[in-house]
Amino acid sequence: MIIGNSGSGKSTLARQLESCVGGERTDLDHIHWLDRVGVKRDEEDAKERVAALAARPNWIIEGVYGWLAEAAFPRATALIWLDMSPQVCRDSLALRGPWRGATAEQHADFLGWADGYWQRTTSTSYAGHQALFAQFPNVKIRFEGRAAVDDFVANLGGISP
């Protein structure tokens with residue numbers, strides 16, 4: 001399970017892990033949102049979908065939504081928290097651009113929401129991720145910079161799926 005703010009590198013790390021160690025990769029954005037940004041899936045349905053994915057034998061789930069990540073915790077063997085600085089996240093989001101056909105207004109709202117990560121207190125915030133990380137009972141890894149993530153992935157290179 002990989003958590004972190006928008007722009008922290010969760011999807012990139014999930015793709016890298018998928019190619020190094022295998023497993024089916026799922027972005028929680030594809031569970032939380034229906035066909036496009038702005039249309040949310042029913043929360044209970046979303047949690048059930050995540051629990052079903054986590055019941056599979058080999059998976060990688062990544063996302064900012066702490067309340068959805070928790071649905072995978074009973075089957076998660078490791079939790080990686082990408083605790084990147086606000087500037088790293090902002091820079092990454094600027095490079096990425098709008099997501100899934102979002103309008104300019106929706107994208108601006110999203111950037112504001114992502115920037116609020118350190119002030120919010122929900123499960124989808126710095127404080128929420130800190131609490132999830134503290135309570136997780138299995139292997140926990142917290143990265144506070146891109147170089148540490150790159151080193152981690154490089155050391156996985158010898159592991160084949």
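Derivation of every value follows stated rules applied to the coordinates shown; laboratory data play no part. Please read all numbers here as calculations on a predicted model, not as lab measurements. As a convention, Cβ positions derive from the backbone with ideal geometry for all residues, glycine included, and neighbour counts pool all protein chains shown.
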(Q) Once you keep just the Cα pairs under 8 angstrom separated by 6 or more residues, what percentage relative contact order results for the chain? (A) 34
Q.
Can you give me the long-range amide H partners of Arg142? Hydrogens built in the peptide plane at 1.01 Å from N, cutoff under 5 Å, separation of 5 or more residues or another chain.
A. Trp81
Q) Considering only DSSP beta bridges whose two residues both sit in the chain, what percent are antiparallel, to the nearest 5? A) 5
Q: Kindly put His30, His129, His107 in sequence by how many other C-beta atoms sit within 10 Å of each C-beta, fewest to most.
A: His30, His107, His129
(Q) Can you give me the Kirkwood hydrodynamic radius for region 33-104, using every pair of distinct Cα atoms, in Å to one decimal? (A) 14.3
Q: Would you please give the residues with an amide H less than 5 Å from that of Arg25, counting only those at least 5 places away or on a separate chain, with H modeled from the backbone geometry?
A: Ile60
Q: Sort Leu156, Leu82, Leu132, Leu95 so that the residue with the fewest other Cβ atoms within 10 Å of its own Cβ comes first and the one with the most comes last.
A: Leu95, Leu156, Leu132, Leu82
Q.
No solvent, one uniform scatterer per C-alpha: report log10 I(q)/I(0) for the chain via the Debye equation at q = 0.14 1/Å, two decimals.
A. -0.70
Q. Tell me, what ³J(HN,Hα) does each residue in region 101-116 have, in order and in whole Hz, if you take phi through Karplus 6.51 cos²θ - 1.76 cosθ + 1.60 with θ = phi - 60° and put x for Gly and Pro?
A. x, 5, 6, 4, 5, 4, 5, 4, 4, 4, 4, x, 5, 4, 5, x
Q: Go through region 69-75 residue by residue and turn each phi into a ³J(HN,Hα) via Karplus (6.51, -1.76, 1.60, θ = phi - 60°); whole Hz please, and just put x for glycine and proline.
A: 4, 4, 5, 8, 4, x, 10
Q: Would you mind computing, in nm to one decimal, how far apart the modelled labels at Arg120 and Ala154 are, each placed 7 Å from Cα along Cα→Cβ?
A: 3.4
(Q) Charges on Cβ only, +1 for Lys and Arg, -1 for Asp and Glu, centred on the Cα centroid of the chain; of Ile31, Ala114, Thr103, which one is farthest towards the dipole's positive end? (A) Ile31
Q) Length gain on complete extension for the stretch Arg142 to Arg75, per 0.36 nm per residue less the alpha carbon to alpha carbon distance? A) 22.2 nm
